[in-house]
1. Treat the count of other C-beta atoms within 10 Å as a stand-in for reagent exposure and order Tyr50, Tyr57 from fewest to most.
2. List the lysines whose Cα lies under 25 Å from the Cα of Lys33, skipping any in the same chain that are fewer than 8 positions away.
3. Write down the Å³ per residue value for the convex hull defined by the alpha carbon atoms of segment 37-99.
4. I need Asp83, Asp116, Asp94, Asp55 ordered by Cβ neighbour count within 10 Å, fewest first.
5. Neighbour counts of other C-beta atoms within 10 Å: give me Lys96, Lys21 arranged from fewest to most.
Amino acid sequence: MTVDSRYGSIDYNRELKAMAKFSHKRYERCFVKSFGWYEEGDQLFIAMEYLDAGDLYTFVYRKPPLPEIETKEIAYRILEGLDMMHDNGFAHRDLKPNNILIESHPPNVWWIKIADFGISKRIE
């Protein structure tokens, strides 16, 4: 399935392949899990894990600046996920705070998950 967007044409088959790959149990610590999808007409509906802490963009702009130690922890988690993607031949290509979902944050440990594989690309 291909849909036109502000990024040009997006091949959702690529997103679905990436989601299926990274929904496997061994990747669950770094990626939002997909439970399935279906098409209706020219629309694609995806059921994904819900993380009620929201996304990093919203969190950062509602709170005072994060301490450096927390910023490093978040960066480490993001880089861990990107490393897994690259090791498996995928590039995200749309990594931004809106696509980083928060599973937990202080006073607990920071735990984030990467979401939205819409313009991911298989690296040949």
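Please treat every number below as a calculation from the coordinates, not as lab data. This is a predicted model, so every value here is computed, not measured. Every residue, glycine as well, gets a Cβ built from its backbone with ideal geometry; the counts of neighbours run over all protein chains shown.
1. Details: Tyr50 8, Tyr57 13.
The fewest-first ordering by Cβ neighbours comes to Tyr50, Tyr57.
2. Hits, sequence-local ones excluded: Lys17, Lys21, Lys25, Lys72, Lys96, Lys113, Lys121.
3. Numbers: hull volume 8.4 nm³, N = 63.
Dividing the Cα hull volume of segment 37-99 by its residue count gives 134 Å³.
4. Ranking Asp83, Asp116, Asp94, Asp55 by Cβ neighbours within 10 Å, fewest first, gives Asp83, Asp94, Asp55, Asp116.
5. Working: Lys96 11, Lys21 19.
Fewest-to-most Cβ neighbours within 10 Å comes out as Lys96, Lys21.
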